[in-house]
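Please read the structure below before turning to the comments.
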C-alpha cells in the first residue's frame, strides 16, 4: 500500500498509454495477417523481373508497418498462443466464429490485455492514497470482463437476427423449390436477395459444397457456427428428409409454418414480460418524480402552516 501511494499517477498513465498504443498497433497488424505475407509477395514480384535483387533490397522495399509492426504483432500472437490454455483458445475461437468476427483468439486476447492495462492505469490515476490498489484491481477486472461482454452481446444480436429472419428465408426457399430449383439453388437465392447473417451462412454452405464438401457436413457446420435451436431443428429435418427421400418443398413449408408459430410465441412471451420489466423503472424513477411534482407544492404549504 505504501509503495502504491508513492507512485506518480501521471507516470503510470503515461506508461499505460504507451503500452496501449503498442498493443493497438500490433493488434491492427494482426488483423492484416489474413491478407498474406508481404515479403512473399515482394519476392514473387522481384522474381518476375529480369534484374537481380538481393534479400536486403527486397526487405527494404517493404513498408514501415510490414518491417516493424507486423513482426511485433506476430510475436505477440505467438506469445499469447503459447501462454493461453488450449481449451480457452478453442472456446474463444468458437465464440468469435459464432459472433462472425474476423479475428483470431490471439487478437482478442491482445485487445483484452490492452483493456486491462488501460483501466488499471486509469484506476491508479483516479484512486487516492490507500484506495489505489482496489481501483487498480477493479480496473483489471473491468478490462478483462469488458471484451467478453462485447463478444457476448455480438453473439446475442447475431442469434436474434437469425431467428427473426429464418421464417422469411424459409418462405423464399419454399417458393424457389416449388418453382423447380434445387435446395442448393434456393439457398443461393436467399444469399443473393438479402445481406444478413443467415443469408451469408447459406452462401457459405453453397460455396463449401462447390469446393467439394458434402451437403450434410456443410449444413452441420452451419448449425455449429450459428448455435441457434431453430436452425438446428430445421437442418435436422432437411437432413432426415434427404435421407428418407421426402420432398424438400413439403419439409420447407412445414418448417416455415413452425418457425412463424415460434416467432409469434416469442413475441407474446416478451409482451407478457413487459409489465414486469416496466415495474422497477416506474417505482424507482417515474413515481418519485410524479410525487415531487404533484405533492411538492402541498408539502410546502403544510410546512408553512405549521412552521
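With each label point set 7 Å from Cα along the Cα-Cβ vector, what nm distance links residue 126 and residue 90?
Label at residue 126, label at residue 90, 3.8 nm between them.
Compute the distance in nm between two label points, each set 7 Å from the Cα along the Cα-to-Cβ direction, one at residue 263 and one at residue 156.
2.2 nm
Past the 19 angstrom mark, what percentage of all C-alpha to C-alpha distances in the range 156-298 do you count?
It works out to 59 percent of all Cα pairs.
Sort 155-164, 185-194 by the packing proxy (mean of other Cβ within 10 Å over each peptide's residues), most packed first. Working shown, then result.
On the way: 155-164: 16.2, 185-194: 19.1.
Ranking the peptides 155-164, 185-194 by packing returns 185-194, 155-164.
With only alpha-carbon atoms counted, please give the Rg and Dmax of the range 202-247, in Å.
In Å, with Rg to one decimal and Dmax whole: 10.6, 27.
Taking a point 7 angstrom from the Cα of residue 305 along the C-beta vector, which residues in the range 281-298 have backbone N less than 11 Å away?
From the range 281-298, the list is 298.
Relative to the present Cα-Cα distance, how much length would full extension add between residue 209 and residue 243 at 0.36 nm per residue of separation? Intermediate values should be presented prior to the final figure.
On the way: separation 34, 0.36 × 34 = 12.24 nm, distance 1.74 nm.
Between residue 209 and residue 243, full extension yields an extra 10.5 nm.
Quick note: the coordinates plus some simple rules give every number you see, no bench work behind them. All figures in this text were calculated on a predicted structure; none of them were measured in a lab. Neighbour counts are summed over all protein chains in view; Cβ atoms, including those assigned to glycine, are modelled from backbone coordinates with ideal geometry.
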